[in-house]
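Working notes for the structure below.
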Amino acid sequence: MAFTEKKEYKLEIIPPYSIIQCREANIVEKDGTEVGRTYHRHIRVPGDDVSGDCAELKAVATALWTTEVVAEYNTTHKKGKKQSPEQAVKSRENAMGNKSRVGQKRPAEETRKVSETLKAKYASGEMIHWTKRPEHAHRFKKELD
């Protein structure tokens, strides 16, 4: 009645940058018969530190990740360049056509009008879900029921 543990690795290479996905299987055996198995997945991208990974992953990374591949991946994905919260808000506003209201409170009069409109639609049966925030209002007609 001896329990033993072993690990198996399955590597998948994802093009075009040779991203390595590793599935680690932890297998528990009792007297040579498998009694349990758990999985853990992780990925490594070109330029990642693989010193703590299995020997197979290290060998594959060394073979595939040339300096050109790492440089192209870093250029494409802007690795290491994180945005400040202010830059992130600005990017989001630009993507939304400067219509973002991040950090702004809706004027009281506008809130009252929107709330009354939504309450009226809910009461008339035009809407089956009501919320004070129009961006969260799900407008489904009762005919769809």
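Starting with the highest mean, order 39-51, 18-30 by the number of other Cβ atoms within 10 Å, averaged over the residues of each peptide.
Most protected by this proxy first, the peptides run 18-30, 39-51.
Obtain the nm distance between the two label points defined at LYS7 and LEU64 by a simple spin-label model: each point lies 7 Å from its Cα along the Cα-to-C-beta direction.
Result for the modelled spin labels: 1.9 nm.
Apply the Karplus curve 6.51 cos²θ - 1.76 cosθ + 1.60, θ = phi - 60°, to the phi angles in segment 58-70 and return the couplings in whole Hz, x for Gly and Pro.
For segment 58-70, the Karplus curve yields 4, 5, 5, 4, 4, 6, 8, 8, 6, 4, 5, 5, 4 Hz.
Largest first and in whole Å, what are the equivalent-ellipsoid semi-axes of segment 1-80 based on the Cα gyration tensor, each being the root of 5 times an eigenvalue?
33, 11, 9
Treat each spin label as a single point 7 Å out from the Cα along the C-beta direction, and report the TYR39 to GLU72 distance in nm.
Each label point is offset 7 Å from its Cα along the Cβ direction, giving 3.0 nm.
Can you give the local net charge around PHE3? Use residues other than it whose beta-carbon is closer than 13 angstrom to its beta-carbon, Lys and Arg +1, Asp and Glu -1.
For residues surrounding PHE3, the net value is -2.
Would you check segment 3-81 for Lys pairs whose C-alpha atoms are within less than 22 Å, ignoring same-chain pairs closer than 8 in sequence, and give me the count?
So the count of such lysine pairs works out to 6.
Taking 8 Å as the Cα distance limit and 6 or more residues as the minimum spacing, I'd like the relative contact order of segment 3-81 as a percentage.
So the answer I get is 24 percent.
Every read-out reported here was derived from the displayed coordinates using simple, explicitly stated rules and does not represent laboratory data. Bear in mind that the values here come from a model prediction, so they are computed numbers and not experimental data. Virtual Cβ from ideal backbone geometry, glycine too; neighbours counted across all protein chains shown.
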